[in-house]
Ligand code: TRP
Ligand code: SF4
């Protein structure tokens, strides 16, 4: 039995991570690692769906990205960090799920058309790109993860994952001997317990009584004479569904990062408006000093409006209340200049960055250690992935 609830998420290694990734995703990953059993992986195959013509970019970024994760505070002892392409089990599950997945499910995932429009310079009319969300489903289902912390843009992929799991369980969650085994399990119960089970089941199946369904796990938990496989059978007989071989995950929506890019749009390397997590000090100073501000402040004596200024968004993330008040009133009264206003932001970014640089340093010095962390995590992940694949093959009847 899994004790802690399991979390899984991944990122594509297409460039140095920036402060948008840190505030939008990584901080949350770090928080979760002490609360749940966390699996975090480098989605290098997913990166290939868009970068198949420039795979060297991926190669450069796989281990650099893991250093960014470690810099943010992921602890290899607390979470499992691994590399997707070292686990062919993901590809196997993807292939098996693909057999029963209607094309229309993939074609209607919004990111499919959106990304094709946005990345016009790339030919994304590939089979691999269409299959992107199904590969993601395999990533998630193979670990039976209950939670997937991702941004809003990935919610439709988690929804597809749920559909794929449901379909799999409906198709393969029943086996020929199940009925007899269910009866045998029921025969192990005392008469009044069996009668209670039947009455609960009837309430659920005939009247849709949700409370009856909720009572079932607690009721079954009492019986030490039943194996977990037998309890699963009784659950499946109860709710009329196949056994849950694969687990339907839930999305853990990460709040959109409040930190925009330097120009106020979403922070993204491709917009050229990003600050990398491990960017050097000089460059951070220059970038913030040259950030656009409220266009109304042409001269130092022109008052401005913080709401029209991206620097103000940075104050929201990086400054305390007194500093924010100082900035807002100084801006509106032209009491401070924009460079003055930006200085506390620069200081805070550098202060936030300091421990990250310190955590990254040993790995930058000895990149071999990063490889070892990933190799150890991958070995750990493989145990779970292989166990699920045995169940999947078994359920599908592929053990001939
Ligand atoms: N598609 C995700 C992204 O672009 C990366 C990813 C791949 C992922 N497989 C996953 C995220 C499984 C969560 C779970 O951000
Ligand atoms: Fe922006 Fe600050 Fe300048 Fe106002 S004073 S425009 S908030 S940088």
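The values are calculated or read from the model by the stated rules, or taken from the named source; none is laboratory data. Source: prediction; values computed, not measured. Neighbour counts run over all protein chains shown; Cβ positions are idealised from the backbone, glycine included.
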| Just for segment 292-309: of the residues that are within 17 Å of residue 266 (Cα to Cα) and surrounded by 19 or more Cβ atoms within 10 Å (Cβ to Cβ), which one is farthest from ligand 1 (Cβ to nearest atom)? | 293
| message | Whether any residue in segment 131-148 is more than 16 Å from ligand 2 (Cβ to nearest atom), outside any helix (DSSP H, G or I) and either over 21 Å from residue 39 (Cβ atoms) or not assigned by TED's automatic domain parsing to the domain that holds residue 32 (or both) is what I want to check. | response | yes
| task | For segment 164-172, indicate whether the set of residues that are modelled with pLDDT of 95 or more, crowded, with 21+ Cβ neighbours inside 10 Å, within 13 Å of ligand 1 (Cβ to nearest atom) and in a helix (DSSP H, G or I) is non-empty. | result | yes
| said: Restricting to segment 175-196, name every residue that is surrounded by 12 or more Cβ atoms within 10 Å (Cβ to Cβ) and closer than 22 Å to residue 221 by Cα. | reply: 178, 179, 181, 182, 184, 185, 186, 188, 189, 193, 194, 196
| request: Give the number of residues within segment 99-129 that are crowded, with 17+ Cβ neighbours inside 10 Å and either over 24 Å from the mean Cα position of the chain (by Cα) or modelled with pLDDT of 95 or more (or both). | output: 5
| said: Go through (1) loosely packed, with under 13 Cβ neighbours inside 10 Å; (2) over 19 Å from residue 159 (Cβ atoms); (3) touching a helix residue (DSSP H, G or I) at 6+ places or on another chain (Cβ under 8 Å) for residue 89 and report which single condition fails. | reply: (1)
| request: Sort through 289, 371 and tell me the only one that's at pLDDT 95 or above, touching a helix residue (DSSP H, G or I) at 6+ places or on another chain (Cβ under 9 Å) and closer than 28 Å to residue 44 by Cα. | output: 371
| said: Going residue by residue through segment 247-260, is there one that turns out to be surrounded by 17 or more Cβ atoms within 10 Å (Cβ to Cβ) and more than 27 Å from the chain's Cα centre (by Cα)? | reply: no
| query | Of everything in segment 14-41 that's closer than 12 Å to residue 78 by Cβ and touching a residue at least 60 places away in the same chain (Cβ under 8 Å), which residue is farthest from ligand 1 (Cβ to nearest atom)? | reply | 36
| Could you say which residue among 395, 381, 385 is surrounded by 13 or more Cβ atoms within 10 Å (Cβ to Cβ), closer than 30 Å to residue 165 by Cβ, more than 16 Å from ligand 2 (Cβ to nearest atom) and modelled with pLDDT under 95? | 395
| query | In this structure, does residue 188 turn out to be within 14 Å of ligand 1 (Cβ to nearest atom), closer than 21 Å to residue 239 by Cα and modelled with pLDDT of 95 or more? | reply | no
